[in-house]
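Contents: one structure, followed by commentary.
What follows draws every value from the coordinates through simple rules; no lab data is involved. Keep in mind that this is a model prediction, so the values were computed, not measured. Positions of Cβ are backbone-derived with ideal geometry, glycine not excepted, and every protein chain shown enters the neighbour counts.
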Amino acid sequence: MSEIKVNKISPRTACGTTTLGDSGDTFTIPAGATITNNGTANGFGATGAVNWQTTVKTSGFTATAGEGYFANTSGGAFTMNLPAGSAGAIVSVVDYTNTFQTNALTISPNGSEKIGGIAASFIADTEGQSLTFVYVDGTEGWKNVQDSTSNAVGNPNLVATGGTITTSGNCKIHTFTGPGTFTVSQISTTAAENVVSYLVVAGGGAGGQNYGGGGGAGGFREVKSPLTPYTASPLDGYPSAPNRITVTATSFPIQVGGGGAASPALYNPGGTGSVSTFSTITSAGGGGGAGAPVGNSPTVGGPGGSGGGGSRGGNGGTGNTPPVSPSQGNNGGNPDGNSSSGGGAGAAGSGCNAGAGGAGVSTQINPAKGSPATNFSGGGGAASNPTSGGSGGGGGNNPGEPGKGTDNTGGGGAGNKSATGGSGIVIIRYKFQ
C-alpha cells in the first residue's frame, strides 16, 4: 500500500474544485482520526443532529438546514421561515423563555412546500415547547420527528418527603400522626424559605380514678414563618431564634407522643403523655390527673406540658414543665372540692368539681385537619363534669362516653373513669413554589 504525506490539498485553479477518487471508490477514516468541518458540508445527508445556534432569536428569521434555534417570544410573536426543502434536511427550535403560550412562534414552510402534508404554517403555542423537523419529500414535506411539551426547568424551592403531604396555595404541609422522618432533599435558593412553620403537640395525660383530676394536655409548640400565610395560634414562637428551625438537606426524625395510660387501680394517678419532637423542638407530655384520695388526704396532679388536675384539696400539676418560651401549657386546677380539671395550652384547669378542662388553642397550619381551624391541647374535664373537656380534651363523668382525650390533638383524658389521653401530632409547613 502506497502512502502520500502532504499538509494541504488545493485545487489547481483559484476557487476550483478538488475531487477525491472516482465513482465506486471507498475512503476509510481510521479509528482515532478526527475530521473538523470549518466550512459547509453538502451532500453528506442528515445525521439526526443539529448544530445549535446560541445567539437567541427575538424576531423573524429564515432557518438554515442543520441548525437549531432558541426562540425568545417574550417581546412578541414572530415567524421562523423554514429553508427550501431537500431530503434529509433538519431544523430544530425551542421556546427559550417559556412564552410560546403567550406569544406564539409561527413556523412557515418555504413557498408552497408542506408541513406534515399540508401547505400551511404551524403555530407553536405551548409553554416550553421544542420541535425538530426533517424534510422527507414533496408529499409530506417537513415532518415533526420530535415534539416536547414538557417544561423542564430547575426547581429553586425546598423539596422534602415524609408524613402525609397536602398542599394549600403555595405551601406544602407534612402531617405526622406517628413516628416518621422529614427528609429534605433540596433546600431553597432563597434562604428565608428554609425557615419552616411547624406544630409540635405531645400526648395528653390520662385522668385519675374515681374522684381523680382530669389529665393535662400535651405540650403545644408552634412557629409560623411569615412566608407561609395562615392564622397561627396565640402561642406562635416566631421570630424567637431558639424556636426557629432552618432546615438543611438532611433527615429529621419525627417522634409523635402517645396519650397517657389509664390508671391501673382505684387510687392511682393517670399516666403521663409522651413527648413529641421535631429537630430541636420537644413538647412535653401532659401530666396525669391526680388519683382518688385515700381518706381525706389530698393528691396532686402530675406535671407536664400542661399539668393534671388535683383531687380533694391537692394542687394541680405544674404546666410548662420543663419550661420553654412561649409557654407550652398551663397548670392543672386546684380543686374546690373533690377534683379539678387538667390544664390546657390556652388556660389553666378549673377547680370546680364540674369544671371543663383548660382550653386549648387553635391554628390553621393544616386546613385539612379542620375548617377554619383545629383546636389542640385541651385539658381533661374534672370528675363531675358531664360535658366535654376543653378544645380537644376528654369529657368527665359523662354516662356512655369514656372521656378519652381526642387523638392527634394532645387532649387530656377525663377524671373519674381515668380516661386515656389523646395522642399528639407534628405538622410542618413550607413554601414550595
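Overview of values
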read-out	value
Cross-link reach list, aspartates and glutamates versus K224, counting only Cα pairs under 15 Å and skipping chain neighbours closer than eight places	E193, D236
Simple label model, 7 Å out from Cα along Cβ direction - T79 to L266, nm	9.9 nm
Net charge of neighbours whose Cβ lies under 15 Å from the Cβ of Y69, counting Lys and Arg as +1 and Asp and Glu as -1	-1
Potential lengthening between T13 and E113 on full extension [0.36 nm per residue; Cα-Cα distance subtracted]	32.1 nm
Estimated inter-spin distance, W52 and T280, nm [label 7 Å along Cα→Cβ]	4.4 nm
Contour excess over end-to-end distance, with Cα ends at A87 and Q101 and 0.36 nm allotted per residue	1.9 nm
Segments 129-141, 52-64 sorted - mean Cβ within 10 Å per residue, highest first	129-141, 52-64
Highest-MSF residue in the chain out of S283, S240, S168 [GNM, Cα springs under 10 Å]	S240
Full-stretch length increase - K5, S148 - with 0.36 nm per residue and alpha-carbon distance subtracted	46.6 nm
GNM result for the chain, Cα springs below 10 Å: residue of K417, K224, K143 fluctuating most strongly	K143
Highest to lowest packing among 374-382, 299-307, 171-179, 421-429, scored as the average C-beta count within 10 Å	374-382, 299-307, 421-429, 171-179
Most to least packed among 347-358, 198-209 [average Cβ atoms within 10 Å]	198-209, 347-358
Inter-label distance for T166 and I29, nm, one decimal - labels placed 7 Å from Cα along Cα-to-Cβ	6.2 nm
Structure-derived log10 I(q)/I(0) by the Debye sum over Cα atoms at q = 0.07, 0.10, 0.12 Å⁻¹ - corresponding label in (i) -0.55, -0.72, -0.88; (ii) -0.48, -0.83, -1.02; (iii) -0.33, -0.71, -1.05	(i)
Residues Q433 and T181, FRET efficiency given R0 of 22 Å [Cβ-Cβ distance, rounded to 0.05]	0.45
Stokes-Einstein D (µm²/s) once Rh is taken as the Kirkwood radius of region 51-148 over alpha-carbon pairs, at 37 °C in 0.692 mPa s	252 µm²/s
Formal net charge of residues neighbouring K57 (Cβ-Cβ distance under 15 Å; K, R +1; D, E -1)	-2
